[in-house]
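Reading through the C-alpha coordinates given below for one structure.
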Amino acid sequence: MMSNSILILALLFVLFYLAAVPTMEYLVTCGMSRKVVKAADNSELEARIREVFEIPEKNKITLQVYSQKWGEYIDTRAQDVESSAKINVINYESEFPLIIPSSSESNFDTMSIPSFSSVSQILSDSGSDMLVSDCVSSPDQDNCSVPVPNMSESLVTVGAQNWPSPFKLHWQCFPPDLKMALAEKKQLDIRQQKKLVQAVFDEMRRVTWTPHPWQYDEAARAITETYPHLADKTPLCKPHDIWKGRLSDKFRNERKRKRTQDQLSSPETVAPKRQRSSTQSSTLQLPEGEDEVSMERHISALCEEHKKRQGDENKIDKLMDLTFPVRRQAILKKALVVDIKAQYPALFTPKQIFLELGRMIPSLESLNADICIKKMSPYVSAIMNYPFYKKADESFLRLIQTKIFSSEADTEKEYLKTAGAILMLPSFFVGENRTHLITDQKDESAVHVQPHLQYSGQQKDLLSMEDSYAVYAEQQELFEVTGLIDGLLTLLATYFIFDMAYPKGIRNTLTFLQLNVLKMTQGAKPPKPVSRVINLLRKGDE
(Lines give C-alpha, C1' and ligand atoms only; values in the text may rest on other atoms or scores of the structure.)
Protein backbone atom coordinates (compact mmCIF):
# COMPACT_ATOMS: atom_id res chain seq x y z
CA MET A 1 0.00 0.00 0.00
CA MET A 2 2.87 2.28 0.91
CA SER A 3 4.65 1.59 -2.39
CA ASN A 4 1.53 2.47 -4.38
CA SER A 5 1.27 5.80 -2.58
CA ILE A 6 4.90 6.60 -3.35
CA LEU A 7 4.35 5.73 -7.01
CA ILE A 8 1.32 7.99 -7.21
CA LEU A 9 3.20 10.83 -5.55
CA ALA A 10 6.12 10.44 -7.99
CA LEU A 11 3.74 10.49 -10.94
CA LEU A 12 2.04 13.62 -9.63
CA PHE A 13 5.45 15.26 -9.16
CA VAL A 14 6.41 14.54 -12.79
CA LEU A 15 3.11 15.92 -14.05
CA PHE A 16 3.50 19.03 -11.89
CA TYR A 17 7.04 19.55 -13.19
CA LEU A 18 5.98 19.24 -16.82
CA ALA A 19 3.13 21.69 -16.26
CA ALA A 20 5.48 24.13 -14.54
CA VAL A 21 7.89 24.14 -17.55
CA PRO A 22 5.89 25.64 -20.43
CA THR A 23 6.75 24.62 -23.98
CA MET A 24 7.33 27.60 -26.30
CA GLU A 25 6.27 27.34 -29.95
CA TYR A 26 7.56 29.25 -32.99
CA LEU A 27 6.60 29.28 -36.68
CA VAL A 28 9.98 28.95 -38.40
CA THR A 29 10.78 29.36 -42.10
CA CYS A 30 14.10 28.12 -43.47
CA GLY A 31 14.56 28.26 -47.23
CA MET A 32 11.48 26.69 -48.84
CA SER A 33 10.50 24.79 -45.66
CA ARG A 34 8.19 26.04 -42.90
CA LYS A 35 7.66 24.18 -39.60
CA VAL A 36 6.46 24.70 -36.01
CA VAL A 37 9.42 24.41 -33.63
CA LYS A 38 8.95 23.76 -29.92
CA ALA A 39 11.51 24.57 -27.22
CA ALA A 40 11.50 24.65 -23.44
CA ASP A 41 12.94 28.18 -23.48
CA ASN A 42 14.88 30.59 -25.68
CA SER A 43 18.22 29.12 -24.76
CA GLU A 44 17.26 25.94 -26.65
CA LEU A 45 15.75 27.75 -29.66
CA GLU A 46 18.77 27.78 -31.97
CA ALA A 47 19.66 24.18 -31.16
CA ARG A 48 16.08 23.07 -31.82
CA ILE A 49 16.02 24.93 -35.16
CA ARG A 50 19.25 23.24 -36.25
CA GLU A 51 17.82 19.88 -35.21
CA VAL A 52 14.46 20.31 -36.96
CA PHE A 53 15.90 21.69 -40.23
CA GLU A 54 19.07 19.54 -40.09
CA ILE A 55 21.45 22.51 -40.26
CA PRO A 56 25.07 21.50 -39.54
CA GLU A 57 26.84 23.20 -36.63
CA LYS A 58 29.53 24.56 -39.01
CA ASN A 59 26.91 26.61 -40.83
CA LYS A 60 26.30 30.11 -39.59
CA ILE A 61 22.64 31.04 -39.21
CA THR A 62 20.93 34.38 -38.65
CA LEU A 63 17.51 34.60 -37.01
CA GLN A 64 14.97 37.20 -38.08
CA VAL A 65 11.69 37.85 -36.29
CA TYR A 66 8.62 39.38 -37.93
CA SER A 67 7.86 42.91 -36.70
CA GLN A 68 4.21 44.00 -36.70
CA LYS A 69 5.36 47.61 -36.42
CA TRP A 70 7.56 47.58 -39.51
CA GLY A 71 5.89 44.82 -41.49
CA GLU A 72 9.29 43.23 -42.16
CA TYR A 73 11.59 40.52 -40.79
CA ILE A 74 14.30 42.04 -38.56
CA ASP A 75 17.55 40.47 -37.32
CA THR A 76 17.34 39.35 -33.71
CA ARG A 77 18.92 37.15 -31.04
CA ALA A 78 17.43 33.87 -29.88
CA GLN A 79 17.05 35.10 -26.29
CA ASP A 80 14.92 38.04 -27.47
CA VAL A 81 12.35 35.97 -29.35
CA GLU A 82 8.92 35.63 -27.77
CA SER A 83 6.75 32.53 -27.94
CA SER A 84 4.47 32.16 -31.00
CA ALA A 85 6.73 34.47 -33.00
CA LYS A 86 7.29 34.09 -36.73
CA ILE A 87 10.97 33.44 -37.42
CA ASN A 88 12.94 33.44 -40.65
CA VAL A 89 16.28 31.61 -40.71
CA ILE A 90 19.09 32.62 -43.06
CA ASN A 91 21.34 29.59 -43.48
CA TYR A 92 24.81 30.30 -44.77
CA GLU A 93 26.21 27.05 -46.13
CA SER A 94 29.66 27.99 -44.88
CA GLU A 95 31.15 30.97 -43.17
CA PHE A 96 34.08 32.91 -44.61
CA PRO A 97 35.57 35.60 -42.37
CA LEU A 98 36.10 38.96 -43.99
CA ILE A 99 39.46 40.37 -42.86
CA ILE A 100 39.10 44.12 -42.52
CA PRO A 101 42.23 46.22 -41.96
CA SER A 102 42.19 48.81 -39.24
CA SER A 103 41.72 52.47 -40.14
CA SER A 104 45.43 53.04 -39.66
CA GLU A 105 46.30 50.50 -42.35
CA SER A 106 43.49 50.76 -44.86
CA ASN A 107 45.37 49.27 -47.78
CA PHE A 108 42.49 47.73 -49.69
CA ASP A 109 44.69 46.26 -52.39
CA THR A 110 46.37 44.03 -49.83
CA MET A 111 43.16 43.08 -48.04
CA SER A 112 42.83 39.35 -47.59
CA ILE A 113 40.00 37.80 -49.59
CA PRO A 114 38.64 34.38 -48.58
CA SER A 115 38.77 31.45 -50.93
CA PHE A 116 35.92 29.05 -51.64
CA SER A 117 35.77 25.36 -51.09
CA SER A 118 32.99 24.60 -53.54
CA VAL A 119 32.00 25.53 -57.05
CA SER A 120 28.49 26.39 -55.85
CA GLN A 121 29.14 30.06 -55.00
CA ILE A 122 28.97 32.57 -57.86
CA LEU A 123 26.22 33.62 -60.31
CA SER A 124 23.11 35.82 -60.31
CA ASP A 125 20.80 38.19 -62.29
CA SER A 126 21.10 41.97 -62.75
CA GLY A 127 19.12 44.61 -64.54
CA SER A 128 22.27 46.64 -64.92
CA ASP A 129 22.81 48.20 -68.29
CA MET A 130 26.32 49.42 -67.61
CA LEU A 131 28.78 49.12 -70.42
CA VAL A 132 31.69 46.73 -70.07
CA SER A 133 34.38 48.65 -68.25
CA ASP A 134 38.03 48.07 -67.53
CA CYS A 135 39.18 47.17 -64.06
CA VAL A 136 40.53 49.87 -61.79
CA SER A 137 44.31 50.13 -61.74
CA SER A 138 45.94 48.08 -59.05
CA PRO A 139 49.21 46.29 -58.35
CA ASP A 140 47.60 43.15 -59.79
CA GLN A 141 46.18 44.86 -62.84
CA ASP A 142 47.56 42.16 -65.09
CA ASN A 143 45.17 39.73 -63.47
CA CYS A 144 42.29 41.86 -64.79
CA SER A 145 43.31 41.72 -68.43
CA VAL A 146 42.65 38.10 -69.32
CA PRO A 147 41.53 37.72 -72.98
CA VAL A 148 37.75 37.71 -73.41
CA PRO A 149 36.29 34.99 -75.66
CA ASN A 150 34.53 35.90 -78.89
CA MET A 151 30.79 36.00 -78.22
CA SER A 152 29.77 34.24 -81.43
CA GLU A 153 32.04 31.29 -80.65
CA SER A 154 30.96 31.17 -77.03
CA LEU A 155 27.29 31.02 -78.02
CA VAL A 156 27.98 27.60 -79.53
CA THR A 157 30.39 26.16 -76.98
CA VAL A 158 29.72 27.25 -73.43
CA GLY A 159 32.91 27.60 -71.41
CA ALA A 160 32.53 24.98 -68.73
CA GLN A 161 35.95 23.37 -69.09
CA ASN A 162 37.79 26.62 -68.30
CA TRP A 163 35.47 27.62 -65.48
CA PRO A 164 37.56 28.42 -62.35
CA SER A 165 36.87 26.10 -59.46
CA PRO A 166 36.55 27.47 -56.91
CA PHE A 167 35.28 30.73 -58.37
CA LYS A 168 36.97 33.71 -56.75
CA LEU A 169 36.11 37.39 -56.64
CA HIS A 170 39.10 39.47 -57.71
CA TRP A 171 39.17 42.17 -55.07
CA GLN A 172 41.94 44.06 -56.86
CA CYS A 173 39.57 44.73 -59.78
CA PHE A 174 36.94 46.49 -57.64
CA PRO A 175 36.66 50.29 -57.81
CA PRO A 176 37.95 52.06 -54.66
CA ASP A 177 34.52 53.24 -53.46
CA LEU A 178 33.16 49.69 -53.77
CA LYS A 179 36.12 48.32 -51.80
CA MET A 180 35.47 50.83 -49.04
CA ALA A 181 31.75 50.02 -48.82
CA LEU A 182 32.41 46.27 -48.72
CA ALA A 183 35.12 46.63 -46.10
CA GLU A 184 32.81 48.63 -43.86
CA LYS A 185 29.99 46.10 -44.39
CA LYS A 186 27.66 48.79 -45.68
CA GLN A 187 24.59 48.11 -47.79
CA LEU A 188 25.42 49.03 -51.37
CA ASP A 189 23.57 51.77 -53.20
CA ILE A 190 22.36 51.25 -56.78
CA ARG A 191 25.57 52.62 -58.29
CA GLN A 192 27.77 50.35 -56.16
CA GLN A 193 25.56 47.32 -56.88
CA LYS A 194 26.07 47.90 -60.59
CA LYS A 195 29.82 48.15 -60.10
CA LEU A 196 29.89 44.86 -58.20
CA VAL A 197 27.80 43.15 -60.88
CA GLN A 198 30.09 44.62 -63.54
CA ALA A 199 33.19 43.26 -61.80
CA VAL A 200 31.74 39.73 -61.48
CA PHE A 201 30.46 39.93 -65.06
CA ASP A 202 33.97 40.80 -66.28
CA GLU A 203 35.33 37.73 -64.49
CA MET A 204 32.70 35.41 -65.91
CA ARG A 205 32.85 36.65 -69.50
CA ARG A 206 36.51 35.70 -69.66
CA VAL A 207 35.24 32.14 -69.81
CA THR A 208 31.85 32.39 -71.52
CA TRP A 209 29.18 34.79 -72.80
CA THR A 210 26.42 32.26 -72.06
CA PRO A 211 26.85 30.82 -68.55
CA HIS A 212 25.00 27.72 -67.38
CA PRO A 213 22.49 28.11 -64.51
CA TRP A 214 24.92 26.39 -62.15
CA GLN A 215 27.61 28.92 -63.08
CA TYR A 216 25.25 31.80 -62.29
CA ASP A 217 24.50 30.06 -59.00
CA GLU A 218 28.17 29.70 -58.06
CA ALA A 219 28.99 33.33 -58.84
CA ALA A 220 26.04 34.60 -56.79
CA ARG A 221 27.02 32.41 -53.87
CA ALA A 222 30.56 33.79 -54.04
CA ILE A 223 29.14 37.27 -53.49
CA THR A 224 26.91 36.43 -50.52
CA GLU A 225 29.33 34.04 -48.84
CA THR A 226 32.20 36.51 -49.11
CA TYR A 227 30.01 39.40 -47.98
CA PRO A 228 27.14 37.96 -45.87
CA HIS A 229 25.64 41.43 -45.33
CA LEU A 230 24.73 41.45 -49.06
CA ALA A 231 22.57 38.33 -48.72
CA ASP A 232 18.89 38.58 -49.66
CA LYS A 233 16.86 38.40 -46.47
CA THR A 234 13.49 37.96 -48.14
CA PRO A 235 11.56 35.02 -46.64
CA LEU A 236 11.51 31.83 -48.74
CA CYS A 237 14.33 33.16 -50.96
CA LYS A 238 17.89 31.88 -51.00
CA PRO A 239 20.43 34.45 -49.81
CA HIS A 240 22.09 34.68 -53.24
CA ASP A 241 18.96 34.70 -55.43
CA ILE A 242 18.90 38.47 -55.97
CA TRP A 243 22.51 38.52 -57.20
CA LYS A 244 21.88 35.53 -59.41
CA GLY A 245 19.07 37.46 -61.07
CA ARG A 246 21.21 40.56 -61.52
CA LEU A 247 24.03 38.66 -63.19
CA SER A 248 21.63 36.89 -65.53
CA ASP A 249 20.08 40.21 -66.60
CA LYS A 250 23.53 41.73 -67.06
CA PHE A 251 24.63 38.98 -69.45
CA ARG A 252 21.36 39.15 -71.38
CA ASN A 253 21.64 42.93 -71.80
CA GLU A 254 25.29 42.80 -72.86
CA ARG A 255 24.63 40.03 -75.40
CA LYS A 256 21.74 42.04 -76.85
CA ARG A 257 23.88 45.20 -77.03
CA LYS A 258 26.73 43.37 -78.75
CA ARG A 259 24.43 41.80 -81.34
CA THR A 260 22.95 45.23 -82.09
CA GLN A 261 26.41 46.75 -82.51
CA ASP A 262 27.40 43.92 -84.84
CA GLN A 263 24.28 44.48 -86.93
CA LEU A 264 24.84 48.23 -87.17
CA SER A 265 28.46 47.71 -88.24
CA SER A 266 27.35 45.43 -91.10
CA PRO A 267 24.88 47.29 -93.38
CA GLU A 268 24.27 44.24 -95.54
CA THR A 269 22.78 42.34 -92.64
CA VAL A 270 21.04 45.24 -90.94
CA ALA A 271 17.59 44.22 -92.18
CA PRO A 272 16.96 40.49 -92.27
CA LYS A 273 14.54 39.50 -95.04
CA ARG A 274 11.92 36.79 -95.29
CA GLN A 275 10.29 35.44 -98.43
CA ARG A 276 6.50 35.51 -98.36
CA SER A 277 5.23 33.12 -100.99
CA SER A 278 1.61 34.20 -100.53
CA THR A 279 2.28 37.88 -101.17
CA GLN A 280 4.85 37.94 -103.92
CA SER A 281 5.53 36.53 -107.34
CA SER A 282 8.90 35.32 -108.53
CA THR A 283 8.35 37.27 -111.78
CA LEU A 284 6.55 40.61 -111.54
CA GLN A 285 5.18 41.63 -114.93
CA LEU A 286 5.21 45.26 -116.04
CA PRO A 287 1.84 46.78 -117.02
CA GLU A 288 0.91 46.32 -120.65
CA GLY A 289 2.66 48.85 -122.90
CA GLU A 290 5.32 49.68 -120.30
CA ASP A 291 9.08 49.01 -120.40
CA GLU A 292 12.15 49.99 -118.43
CA VAL A 293 12.44 53.36 -120.13
CA SER A 294 8.83 54.30 -119.44
CA MET A 295 9.26 53.12 -115.85
CA GLU A 296 12.15 55.49 -115.36
CA ARG A 297 9.96 58.28 -116.69
CA HIS A 298 7.15 57.40 -114.29
CA ILE A 299 9.54 57.29 -111.32
CA SER A 300 10.92 60.76 -112.19
CA ALA A 301 7.40 62.15 -112.61
CA LEU A 302 6.40 60.62 -109.27
CA CYS A 303 9.30 62.32 -107.49
CA GLU A 304 8.50 65.66 -109.09
CA GLU A 305 4.84 65.47 -108.16
CA HIS A 306 5.72 64.51 -104.58
CA LYS A 307 8.00 67.55 -104.23
CA LYS A 308 5.14 69.95 -104.94
CA ARG A 309 3.52 71.60 -101.94
CA GLN A 310 0.09 70.57 -103.17
CA GLY A 311 0.73 67.57 -105.37
CA ASP A 312 -2.06 65.84 -107.21
CA GLU A 313 -2.98 62.90 -104.97
CA ASN A 314 -4.79 61.05 -107.76
CA LYS A 315 -1.76 61.38 -110.04
CA ILE A 316 0.56 60.15 -107.28
CA ASP A 317 -1.72 57.12 -106.65
CA LYS A 318 -1.74 56.27 -110.37
CA LEU A 319 2.06 56.58 -110.69
CA MET A 320 2.53 54.46 -107.55
CA ASP A 321 0.33 51.78 -109.12
CA LEU A 322 2.33 51.88 -112.36
CA THR A 323 5.74 51.66 -110.66
CA PHE A 324 4.73 48.98 -108.15
CA PRO A 325 6.31 46.02 -110.04
CA VAL A 326 9.71 47.74 -110.28
CA ARG A 327 9.60 48.87 -106.66
CA ARG A 328 8.55 45.45 -105.44
CA GLN A 329 11.30 43.74 -107.37
CA ALA A 330 13.90 46.04 -105.81
CA ILE A 331 12.63 45.24 -102.31
CA LEU A 332 12.68 41.49 -102.97
CA LYS A 333 16.30 41.87 -104.03
CA LYS A 334 16.96 43.20 -100.52
CA ALA A 335 17.29 46.88 -101.28
CA LEU A 336 17.80 48.92 -98.10
CA VAL A 337 15.01 51.13 -96.82
CA VAL A 338 17.16 54.24 -97.20
CA ASP A 339 17.55 53.48 -100.93
CA ILE A 340 13.84 52.85 -101.44
CA LYS A 341 13.04 56.09 -99.64
CA ALA A 342 15.41 58.05 -101.87
CA GLN A 343 13.83 56.65 -105.06
CA TYR A 344 10.19 56.54 -103.94
CA PRO A 345 9.65 59.26 -101.29
CA ALA A 346 5.91 59.25 -102.01
CA LEU A 347 5.66 55.75 -100.52
CA PHE A 348 6.48 56.96 -97.04
CA THR A 349 3.10 58.18 -95.82
CA PRO A 350 0.50 56.21 -93.81
CA LYS A 351 -1.94 56.39 -96.75
CA GLN A 352 0.55 55.01 -99.30
CA ILE A 353 1.73 52.30 -96.90
CA PHE A 354 -1.82 50.94 -96.68
CA LEU A 355 -2.29 51.29 -100.45
CA GLU A 356 1.00 49.47 -101.07
CA LEU A 357 -0.13 46.59 -98.88
CA GLY A 358 -3.33 46.48 -100.93
CA ARG A 359 -1.24 46.33 -104.14
CA MET A 360 0.58 43.33 -102.70
CA ILE A 361 -2.59 41.63 -101.42
CA PRO A 362 -5.56 42.70 -103.62
CA SER A 363 -7.99 40.68 -101.50
CA LEU A 364 -7.05 42.57 -98.34
CA GLU A 365 -9.74 44.75 -96.78
CA SER A 366 -9.01 48.40 -96.14
CA LEU A 367 -7.26 49.05 -92.83
CA ASN A 368 -8.03 51.71 -90.25
CA ALA A 369 -8.49 52.04 -86.49
CA ASP A 370 -12.24 51.27 -86.59
CA ILE A 371 -11.70 47.99 -88.46
CA CYS A 372 -8.89 47.01 -86.08
CA ILE A 373 -11.14 47.68 -83.07
CA LYS A 374 -13.84 45.50 -84.59
CA LYS A 375 -11.49 42.60 -85.40
CA MET A 376 -9.80 42.70 -81.98
CA SER A 377 -13.11 42.89 -80.08
CA PRO A 378 -13.31 39.10 -79.39
CA TYR A 379 -10.06 39.30 -77.40
CA VAL A 380 -9.96 42.73 -75.75
CA SER A 381 -12.05 41.90 -72.68
CA ALA A 382 -10.10 38.71 -71.93
CA ILE A 383 -6.76 40.53 -72.27
CA MET A 384 -7.78 43.45 -70.05
CA ASN A 385 -9.10 41.10 -67.33
CA TYR A 386 -6.19 38.65 -67.44
CA PRO A 387 -4.39 38.20 -64.05
CA PHE A 388 -0.89 39.35 -65.00
CA TYR A 389 1.62 38.53 -62.26
CA LYS A 390 4.66 40.60 -63.27
CA LYS A 391 4.83 43.98 -61.55
CA ALA A 392 5.70 45.77 -64.81
CA ASP A 393 2.62 44.28 -66.50
CA GLU A 394 0.37 45.10 -63.54
CA SER A 395 1.64 48.68 -63.49
CA PHE A 396 1.16 49.14 -67.23
CA LEU A 397 -2.33 47.61 -67.08
CA ARG A 398 -3.28 50.02 -64.28
CA LEU A 399 -2.08 52.90 -66.47
CA ILE A 400 -4.36 51.70 -69.29
CA GLN A 401 -7.32 51.22 -66.95
CA THR A 402 -6.82 54.71 -65.49
CA LYS A 403 -6.89 56.19 -68.99
CA ILE A 404 -10.08 54.28 -69.81
CA PHE A 405 -11.76 55.30 -66.56
CA SER A 406 -10.96 58.99 -67.06
CA SER A 407 -12.33 58.94 -70.60
CA GLU A 408 -15.90 60.10 -71.14
CA ALA A 409 -16.75 59.24 -74.77
CA ASP A 410 -17.61 55.60 -75.52
CA THR A 411 -15.71 55.68 -78.81
CA GLU A 412 -12.59 56.83 -77.01
CA LYS A 413 -13.01 54.10 -74.37
CA GLU A 414 -13.18 51.42 -77.09
CA TYR A 415 -10.11 52.90 -78.77
CA LEU A 416 -8.13 52.90 -75.51
CA LYS A 417 -9.17 49.34 -74.66
CA THR A 418 -8.06 48.02 -78.05
CA ALA A 419 -4.77 49.95 -78.08
CA GLY A 420 -4.04 48.84 -74.52
CA ALA A 421 -4.90 45.21 -75.30
CA ILE A 422 -2.49 45.16 -78.25
CA LEU A 423 0.32 46.55 -76.09
CA MET A 424 -0.40 43.89 -73.44
CA LEU A 425 -0.20 41.04 -75.99
CA PRO A 426 3.61 40.54 -75.70
CA SER A 427 3.13 39.64 -72.03
CA PHE A 428 1.40 36.41 -73.10
CA PHE A 429 4.48 35.16 -74.96
CA VAL A 430 7.71 34.06 -73.29
CA GLY A 431 10.66 36.27 -74.16
CA GLU A 432 8.61 38.99 -75.88
CA ASN A 433 8.50 42.65 -74.89
CA ARG A 434 6.39 45.61 -75.95
CA THR A 435 9.56 47.68 -76.42
CA HIS A 436 9.92 45.87 -79.76
CA LEU A 437 6.68 47.55 -80.77
CA ILE A 438 7.18 51.01 -79.32
CA THR A 439 10.13 52.78 -77.72
CA ASP A 440 10.68 56.04 -75.92
CA GLN A 441 12.38 58.62 -78.10
CA LYS A 442 14.56 59.57 -75.13
CA ASP A 443 15.75 56.00 -74.60
CA GLU A 444 19.06 55.97 -76.45
CA SER A 445 19.74 52.37 -75.39
CA ALA A 446 16.69 51.12 -77.31
CA VAL A 447 18.43 50.57 -80.63
CA HIS A 448 16.32 48.53 -83.04
CA VAL A 449 16.96 47.75 -86.68
CA GLN A 450 13.55 46.17 -87.20
CA PRO A 451 10.43 48.33 -87.70
CA HIS A 452 9.11 49.92 -84.52
CA LEU A 453 7.21 52.96 -83.30
CA GLN A 454 8.92 55.78 -81.47
CA TYR A 455 6.97 57.96 -79.07
CA SER A 456 8.21 61.28 -77.73
CA GLY A 457 5.35 62.14 -75.37
CA GLN A 458 4.69 61.30 -71.72
CA GLN A 459 3.93 57.70 -70.78
CA LYS A 460 0.59 58.74 -69.32
CA ASP A 461 -0.44 59.93 -72.81
CA LEU A 462 0.89 56.84 -74.58
CA LEU A 463 -2.51 55.57 -75.76
CA SER A 464 -3.69 58.93 -77.09
CA MET A 465 -5.80 59.03 -80.26
CA GLU A 466 -4.25 62.35 -81.20
CA ASP A 467 -0.53 62.05 -80.42
CA SER A 468 2.00 61.45 -83.20
CA TYR A 469 4.18 58.36 -83.47
CA ALA A 470 7.21 58.01 -85.74
CA VAL A 471 7.64 54.73 -87.63
CA TYR A 472 11.26 53.58 -87.86
CA ALA A 473 13.01 50.79 -89.76
CA GLU A 474 16.73 50.17 -90.24
CA GLN A 475 17.50 53.26 -88.18
CA GLN A 476 15.53 55.41 -90.65
CA GLU A 477 12.48 57.47 -89.76
CA LEU A 478 9.91 56.50 -92.39
CA PHE A 479 6.96 58.77 -91.54
CA GLU A 480 4.75 60.00 -88.72
CA VAL A 481 1.26 58.74 -87.97
CA THR A 482 -1.45 60.04 -85.65
CA GLY A 483 -2.98 57.67 -83.10
CA LEU A 484 -1.48 54.54 -81.59
CA ILE A 485 -3.70 52.01 -83.38
CA ASP A 486 -2.98 53.51 -86.80
CA GLY A 487 0.69 53.51 -85.83
CA LEU A 488 0.56 49.80 -84.97
CA LEU A 489 -1.26 48.99 -88.22
CA THR A 490 1.29 50.85 -90.35
CA LEU A 491 4.03 49.12 -88.37
CA LEU A 492 2.57 45.71 -89.23
CA ALA A 493 2.21 46.73 -92.88
CA THR A 494 5.83 47.91 -92.94
CA TYR A 495 7.09 44.41 -92.17
CA PHE A 496 5.21 43.05 -95.19
CA ILE A 497 6.02 45.88 -97.59
CA PHE A 498 9.77 45.73 -96.94
CA ASP A 499 9.76 41.94 -96.70
CA MET A 500 11.29 41.91 -93.23
CA ALA A 501 11.32 39.03 -90.79
CA TYR A 502 9.44 39.31 -87.52
CA PRO A 503 12.14 39.58 -84.83
CA LYS A 504 12.24 36.94 -82.11
CA GLY A 505 11.39 39.45 -79.39
CA ILE A 506 7.94 40.22 -80.87
CA ARG A 507 7.35 37.46 -83.44
CA ASN A 508 4.33 35.78 -81.86
CA THR A 509 2.63 39.09 -81.08
CA LEU A 510 2.91 40.24 -84.71
CA THR A 511 1.76 36.83 -85.93
CA PHE A 512 -1.30 37.14 -83.66
CA LEU A 513 -2.13 40.54 -85.21
CA GLN A 514 -1.47 39.25 -88.72
CA LEU A 515 -3.94 36.39 -88.23
CA ASN A 516 -6.66 38.36 -86.47
CA VAL A 517 -6.42 41.84 -88.01
CA LEU A 518 -5.01 41.23 -91.49
CA LYS A 519 -6.69 37.79 -91.65
CA MET A 520 -3.62 36.36 -93.41
CA THR A 521 -2.49 32.79 -92.76
CA GLN A 522 0.01 32.53 -95.65
CA GLY A 523 -1.14 28.94 -96.13
CA ALA A 524 0.44 27.68 -92.92
CA LYS A 525 -0.80 26.73 -89.47
CA PRO A 526 -0.26 29.34 -86.75
CA PRO A 527 2.70 28.70 -84.41
CA LYS A 528 1.72 26.72 -81.32
CA PRO A 529 2.29 29.62 -78.88
CA VAL A 530 -0.05 31.81 -80.93
CA SER A 531 -2.71 29.10 -81.16
CA ARG A 532 -2.55 28.55 -77.39
CA VAL A 533 -3.01 32.26 -76.65
CA ILE A 534 -5.89 32.56 -79.14
CA ASN A 535 -7.66 29.62 -77.49
CA LEU A 536 -6.90 30.98 -74.01
CA LEU A 537 -8.37 34.39 -74.81
CA ARG A 538 -11.43 32.96 -76.53
CA LYS A 539 -12.19 30.85 -73.46
CA GLY A 540 -11.57 33.83 -71.21
CA ASP A 541 -14.09 35.93 -73.13
CA GLU A 542 -16.87 33.34 -72.90
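The values are calculated or read from the model by the stated rules, or taken from the named source; none is laboratory data. Model, not experiment: these values are computed from the prediction. Glycine also receives a Cβ, built like all others from the backbone with ideal geometry; neighbour counts cover every protein chain displayed. Ligands, DNA and RNA are excluded from the accessible area calculation, which covers all protein heavy atoms including side chains. Shrake-Rupley method; radii C 1.70, N 1.55, O 1.52, S 1.80 Å.
Of the chymotrypsin sites (Phe, Trp or Tyr not before Pro) found in region 376-405, those that fall in a DSSP loop while having at most 14 other beta-carbon atoms within 10 Å are 389.
Here residue 60 and residue 401 are evaluated by their C-beta separation; at R0 = 35 Å the FRET efficiency comes out at 0.15.
Projected onto its three principal axes, the C-alpha set of region 300-442 covers 54, 35, 35 Å, listed from the longest axis down. Other residues with beta-carbon under 14 Å from the beta-carbon of residue 181 carry, at +1 per Lys or Arg and -1 per Asp or Glu, a net charge of +3. Here the Karplus relation 6.51 cos²θ - 1.76 cosθ + 1.60, evaluated at θ = phi - 60°, turns the backbone of region 194-211 into coupling constants of 5, 5, 5, 4, 4, 5, 5, 4, 4, 5, 5, 6, 5, 9, 7, 9, 10, x Hz, with x for every Gly and Pro.
Within the same chain, lysines fewer than 8 places from residue 374 are excluded, and of the rest, those with a Cα less than 27 Å from its Cα are 351, 403, 413, 417, 460, 519, 525, 528, 539. Subtracting the Cα-Cα distance of residue 252 and residue 186 from their residue separation scaled by 0.36 nm leaves 20.9 nm. Across region 33-46, coupling constants 3J(HN,Hα) worked out from phi with the 6.51/-1.76/1.60 Karplus curve, θ = phi - 60°, read 9, 9, 9, 8, 10, 10, 8, 5, 7, 5, 5, 9, 4, 4 Hz, and Gly and Pro carry x. The heavy atoms of residue 177 offer some 50 square angstrom of accessible surface to a 1.4 angstrom probe.
Of the GluC sites (Glu not before Pro) in region 47-88, the ones in a loop by DSSP (not H, G, I, E or B) with at most 10 other beta carbons within 10 Å are 54, 57, 82. Here the Karplus relation 6.51 cos²θ - 1.76 cosθ + 1.60, evaluated at θ = phi - 60°, turns the backbone of region 336-343 into coupling constants of 6, 4, 4, 6, 5, 5, 5, 8 Hz, with x for every Gly and Pro.
Subtracting the Cα-Cα distance of residue 477 and residue 388 from 0.36 nm times their residue separation leaves 28.7 nm of extension gain.
Sparsely packed loop sites in region 375-409 (the trypsin sites (Lys or Arg not before Pro) outside DSSP H, G, I, E and B with at most 14 other Cβ atoms within 10 Å) comprise 390.
Electrostatic bookkeeping for residue 411 treats Lys and Arg as +1 and Asp and Glu as -1; over the other residues with beta carbon under 15 Å from its beta carbon, the sum is -3. Neighbours of residue 530, meaning other residues whose beta-carbon lies under 13 angstrom from its beta-carbon, give a summed charge of +4 when Lys and Arg score +1 and Asp and Glu score -1.
Per the Debye formula with a single identical scatterer at each Cα and no solvent contribution, what log10 I(q)/I(0) holds for region 289-357 at q = 0.22, 0.28 Å⁻¹? For the requested q values the scattering log ratios are -0.99, -1.52. Note on surface exposure: 290, 296 rank 296, 290 by accessible area, highest first, 1.4 Å probe.
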